[in-house]
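See below for the structure under consideration.
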Amino acid sequence: MIGLLRRNILTVGFLFAFLLFYSQQYTEQVFNTDNGLPQNSVKDIIKDKYGFIWLTTENGIVRYDGLNFFVHKNFPLNSQRFTYFYGDPAKDSIFTPGDHGKTVLIHQKFPKVISPVKKSPTIIVKDNINYHLCISNYSYSPSPGVYFFMDFRKGRYLIAQNSFIYEDFRSKSQITLDVKPLYKNDPNAFTIGDVLFYIDRSAKKVKKIEEGKITGSYDLPVVADVRSKVFWNRTNGQGFVLNNDILYRLISNNGALTLSKLVRLEHISESNLMSIYYDEKYKKLYLGSSTDGLKIVSLTDFTSSKKSTPKSSAVFYAIQPYNDSCVINPAGEIYNRNGFIKSKNFEKNISYFFNFDKYGNIVTRREQTLFVYSKSSDFIHFQSISTGEDTVKDFFFDNGKYYVLAVKQKKGNTEFTGTLSIYEDWPFKSLKKKYLFASEPTKMVLTKSGDILVGTIKGLYRISVGHNKIYNLNGKNELSVRDIVHTADGNVWVTTLGKGFYLLKNDHLIKLPGDTEGNLLSPHTLLEDPNGYFWIPTNNGLYKIRESMLLKYVQNRSFKLNYYRYSKEAGFSTNEFNGGSNINGNKLKNGDFVLPSLSGLVFFNPLKVKSYYPAALYIERALVDDKERLFTNILNLSQENKRIELFIDVPYYANPDNIVIEAKVDDDRTSKWLSVGKDRKFILNNLGHGTHFLVVRMLVSDKQEYVFKKIKIIIPPFFYQTLWFKVIIVFLLLFLLYLSIRWRTSFHKKKNRELEAVIRSRTKALSQTVEDLEMTQIKLGKEIEQQKKLIGTITHDITTPLKFIALTSKEALDYDEKNAYRTERILNSIYKSSNQLYNFTKTLKEYADIYSEYRSDETDWYSFYDLVQEKKVLFDEIAANHNTAIINNVDKGLMIQISKNILAAIIHNLMDNSVKYTRSGTITINGSDEQEAVVLEIADTGIGMDDHKIEYYTKLQENIENEKLLLQKYGMGLHLILQLLQMLESKIIIRRNETKGTSFQLILKKTKK
C-alpha cells in the first residue's frame, strides 16, 4: 500500500546533492527533486513525537530524519497531493486530509489511510454553509465564497470574507467581532499555540482575542507592517514574521506576545515561502517553498571572520589576542567575530611567528630579523634586532630570564639544527646557557618543576637546567612534535605530525587513540575550556572531547573513546585549520576561542557551542531480498532469504559523523561490536535457524553513554532441522543401532554355531581320523605280522627246495657213473623243487604288487559284472579244454567301489582253483547287493575240497594273526586270498556242495576304509 522511496543524503554528498551557502551566522541547505524530494512544493512542515520531520507535497508525504528522505506516495487514493497537517503530535496523532473524505494518519512513524475522524473534522456545515478547517497560514487563504472555522477549548470562530464570529460551545451564543479578517487579501488573524491574535494594521498593533473578546494589545509594528508576512501553524504552535529578508519568531509566553530576531536570510522574500518550522534543539529552520523545495537554515555557533574584499587573503597561522574580543596577526590586522576591524600596517612578516615580550610589545620576524613594535606607541614604532645566523622559532620570559628557541640551517644542506638559549635579560644579550639539538626544534614550554620541554621534528626532550642534562623522552621512536600544552590539572599533552597526540606522564609518552577517519593523526594544538573539554583543530575538522574521558582511557586501555566532530556545516568556511606556528590558537578574555584556518579566523564560545547527540533509534524496517518489510521488535525471516538489510532510523539533524552506532548479533560477551556505517544499515549474513538477538547501541552523550535496542530475529528451521525430526532421527538411529546390534549378535551367534559345528565336525573328523589312524596302525601291525609270518613261512618253505636242490646236485656230482635213470630222477627232482620255488616267489611278488597298489588305490565306481566277465573271458579257453563251462550270473547293473585290483586278484585265484579241479562240469558265478555288503559266490562241480582244508582255512580266517601258515602243505592261493580279504575287511565262506564240488562265498564290504 505504501511505497517507500529512500534517498540517502550523506555529508560527503553535500557538494553534489544540494547548494550550501555561508554567512557569518548560518549555513543553508537546499533540497528539491534533484536530491530527495518527490516534488518541489513543500506546503507544510511538522515534527512528530519521535523526532522525525514530515513534509506535505503535491506528490506524497515525506519523512526526513536528517540523513534520508522517505517518500510515501502509493496511498490508495485518487490523488497523492497533500496540503496541511493537523492533530496533536504529542499524542502521536498527526492527520492530513486526502481526497473523497479520506484521511491519512501518521502514527508510530508511518502513515496510513483511515476513515475521517469525527473528533477532528476538516469541514463542518452550519446554516448550509461549508466551513473549512483553518490550521495554518496555508490553510487560511480567504477568498469569495470560502469560509473557515477554528476550534478552541470553549468555543469556535467562524470566519468569512467580511465577518469574524465567535460561537460558545456550551451556550451556543454568538459574538461578532469588530475586526476585519482581510487586509488587501492577506489574512489578519493567526494563532500561536492555542491563542488567537489579530493584526490591527491601522493601529500598528497585535491584539489577543479570547472567547470572542479582545483581551490584550501588543505594540509590534514589524508584525503590522504591510510588507511583513506572517507564517503560523497551530499544530506545531509556532509563528514567524518575515520582513525585509529578516525572519522573526513570534513567541507567546505567560500571556505576552514577543518578537525575536532569528536571522537575516538573503533573498528569502523571493523564494515563495509557504511554511516554516523551527527546530529549537538543533537551531535549524525548515523553509518550505511552493516552487523551490525545502531549505534548511542552520543557525551556527561558529563565526568565520575575514576581510570582506574578495581578493584579500583569508589564510591565517600565528595570531595573538589584541583585546578581550579581538585578535591580531603578524601583518598587524585586527579581527573580531564580525570580521576585519583595522590594521596596524606592520611590515611584511612571516606568518608562523608572533609573540609578546615581557613589556607587552609585539614581536614579529622576517628571516633572521626580529621586529619589536612598541606598545607605548600603539604598536606604530618598532625596532629591529638581528639574530645573526639563527632564526627564532619561539621565546618566552619567565623569572627574569628569556628562553629563546632558534634554528640554524646546516651548510650545504636543507636540514636545520637547533638551539635553546637562556638569557639573563634581553634576548641575545648576557647568554647564560645554551643547549644544542641535532634536529629542527618546533616548540618549548617550561614545566612547574623548572625543567624545559623541547619538541623537535624528530622527538621530545626534557632539559634539566639544574643538572644541565638533556633527556630523550621518545626513545628510538621518532616523533615530529607540533605543540606542547599544559592543562589546568598539570597534565602535559603533546601533539605530533602524523602520529596523533600523547599524554606525558612521568617522562613516559602515552599515545591516545584517534578518530575513525584518521584526522587526529595530525592535531595542531589542544585548547582546554572551563568545562574540561579539549578542542582539537586538525586539517579536516575540529574535534571535541572531555579530558576526563582521555584520562579514563589512560587508566583502562580497553575503554572506547568517541570524539565529537565539527565541520564546515557548523559555520566554518573550510574544514582545514592551520598549525605549525609558535601559537596555534587563542583564548580571549570574553570567553571566545579563536583558531586560524585556510579560510578565515574561526571564533566561537566553547561554553555556548552545543554538542548534538541523538536521543533515540528505531529498528522497524528491513529490506529482505529487495522487498521492504515493516516489523516491531520481532523480525521473522526464512532460511531461504538471501540478503537482509536492517535500517536503523535515527532522527538526528547535526553532523552525521557524530552518530556512533554499533551492533552485534546474539548478545553474549564473546561477540564483538561492529560499527554501523553512515548509511545506517546493518547487513545480516549467515544466520542459521533459531532465535537470534540483534543488539544495537548508540552513543547519546559525551560521557560515553549509550542507549540500547534489542531486536528478536526468528528463523524457523526446515523440517529436518526441527527438534522433533532430530528426536525421530535419534530414535530411528537408535532403533537401527539396536537392529544392527541384534543382527550382529544374531550373526555372531550364527557364526559361532557354524564355527562350533565346524569345530565339532572337524573334531569328529579328527577323532575319526585319529581312530582310523589307530585302526590303520593296528591293521598295519597285523599286516606286518602276517607278512612277517608269511615271509617267514615262505622263507622256511623255500629253504627246503633249495636244500633239496643242493643235495641232489651234490649227489649228481659225487657219482662218476652216468646212469640215465639216475640222471632223470635227479633232474626231475631239481625241476620240481625249482618249479615250487618259482611258484613261491611269483606268489610273493604278486602279493607285494597288490599290496603296493592297494595303498594308493582310489577306486571309482565300476561294474561288478564287467570285472567278473573280464576274468571269465580269461579262463574260458582253459575251462573249455577241460570240458567245463563258466557261467556269469552277476547282476549287470550292480556298481561297486571296492578296490578293483584286490578284488580282481581274489576272483582270479578262486576261478583259477575252480578251473584246475573241475572236469566236464560247470563253474557258476553269482553276485548280488545285500545292503551292507556285496555277495559273490563261485560254485564249481569239481573234485571238491576236503573237510580238513575247509576247517583249516576257516580257523585261519578267524585267527589269522596267531595261526600257523601251512603254505607247503596247502599252497599259497587261499592264504593270499585270506590276506587280501583282511585288507578289504571282508571274509570268505567255504563249503562243500551237496552233490560235488566246492562253493566259495565272498562277503565283500561295499567301501574301502
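Is it true that some residue in the stretch 489-505 is open to solvent by less than 10 Å² (accessible area, probe 1.4 Å), farther than 25 Å from L607 by Cα, of a type outside the set (D, E) and outside any loop (DSSP other than H, G, I, E, B)? So far as the stretch 489-505 goes, yes, one or more of its residues are open to solvent by less than 10 Å² (accessible area, probe 1.4 Å), farther than 25 Å from L607 by Cα, of a type outside the set (D, E) and outside any loop (DSSP other than H, G, I, E, B). Counting only residues that are surrounded by fewer than 14 Cβ atoms within 10 Å (Cβ to Cβ) and more than 16 Å from T456 (Cβ to Cβ), the stretch 376-412 holds 15 of them.
Looking only at residues of the stretch 475-488 that are open to solvent by less than 70 Å² (accessible area, probe 1.4 Å) and within 44 Å of the chain's Cα centre (by Cα), we find that the one that is farthest from I536 (Cα to Cα) is G475. Beta carbons closer than 7 Å, at least 6 apart along the sequence or on distinct chains, pair a first residue in the stretch 94-118 that is among the acidic types (D, E) with a second that is modelled with pLDDT under 95 for D99/L77; D99/N78; D99/S79.
On the given criteria, is S548 over 35 Å from the mean Cα position of the chain (by Cα), farther than 27 Å from P310 by Cα and not in a loop (DSSP other than H, G, I, E, B)?
Values: over 35 Å from the mean Cα position of the chain (by Cα): yes; farther than 27 Å from P310 by Cα: yes; not in a loop (DSSP other than H, G, I, E, B): yes.
Judged against the criteria, S548 is a match.
If only one of F356, F340 is within 20 Å of K587 (Cα to Cα), surrounded by 14 or more Cβ atoms within 10 Å (Cβ to Cβ) and touching a helix residue (DSSP H, G or I) at 6+ places or on another chain (Cβ under 9 Å), which one is it?
Details: F340 fails: touching a helix residue (DSSP H, G or I) at 6+ places or on another chain (Cβ under 9 Å).
Criteria check complete, one pass: F356.
Scan the stretch 594-608 for residues that are open to solvent by 10 Å² or more (accessible area, probe 1.4 Å) and not basic (K, R) and jot them down. Walk me through how you get there before you give the answer.
To start, the set of residues in the stretch 594-608 that are open to solvent by 10 Å² or more (accessible area, probe 1.4 Å) comprises 598-599, 605, 607-608.
If the condition is that a residue be open to solvent by 10 Å² or more (accessible area, probe 1.4 Å) and not basic (K, R), then L598, S599, N605, L607 are the ones that fit.
Taken over the stretch 595-653, residues that are aliphatic (A, V, I, L, M), within 30 Å of the chain's Cα centre (by Cα) and over 30 Å from E576 (Cβ atoms) amount to 13.
Across the stretch 98-120, the number of residues qualifying as closer than 16 Å to F82 by Cα and surrounded by 14 or more Cβ atoms within 10 Å (Cβ to Cβ) comes to 11.
Within the stretch 527-554, residues that are more than 24 Å from N578 (Cα to Cα) sit with their Cβ atoms under 7 Å from residues that are open to solvent by less than 30 Å² (accessible area, probe 1.4 Å) and part of a loop (DSSP other than H, G, I, E, B), at 6+ positions apart or across chains, in these pairs: S548/G532; M549/L561; M549/Q704; Y553/L512; Y553/L561. When the residues of the stretch 555-569 are filtered to those that are open to solvent by less than 20 Å² (accessible area, probe 1.4 Å) and more than 33 Å from the chain's Cα centre (by Cα), the one that is nearest to L526 (Cα to Cα) is Y566. Within the stretch 506-525, being part of a loop (DSSP other than H, G, I, E, B) and not hydroxyl-bearing (S, T, Y) holds for N506, D507, L512, P513, G514, D515, E517, G518, P523, H524.
Look at the stretch 377-389: where a residue is over 14 Å from E347 (Cα atoms) and a partner is basic (K, R), sitting 6+ places away or on another chain with Cβ atoms under 7 Å, you get E389/K408.
Touching a helix residue (DSSP H, G or I) at 6+ places or on another chain (Cβ under 9 Å) and open to solvent by less than 40 Å² (accessible area, probe 1.4 Å): does that describe V206? It would help to see each step written out before you state the result.
Details: touching a helix residue (DSSP H, G or I) at 6+ places or on another chain (Cβ under 9 Å): yes; open to solvent by less than 40 Å² (accessible area, probe 1.4 Å): yes.
Yes: the conditions hold for V206.
Among the residues making up the stretch 655-673, a single one is assigned to a strand (DSSP E or B) and either at pLDDT below 90 or exposed (fewer than 12 other Cβ atoms within 10 Å of the Cβ) (or both): V665. Within the stretch 65-93, the set of residues being free of Cβ contacts under 8 Å to residues at least 40 places away in the same chain, open to solvent by 10 Å² or more (accessible area, probe 1.4 Å) and within 20 Å of N32 (Cα to Cα) comprises Q80, R81.
The values are calculated or read from the model by the stated rules, or taken from the named source; none is laboratory data. The shown structure was predicted, so the numbers you read here are calculated from the model rather than taken from an experiment. Backbone-built Cβ (ideal geometry, glycine too); neighbour counts: all protein chains shown. All accessible areas refer to the heavy atoms of the entire protein, side chains included, with ligands and DNA or RNA removed. Shrake-Rupley method; radii C 1.70, N 1.55, O 1.52, S 1.80 Å.
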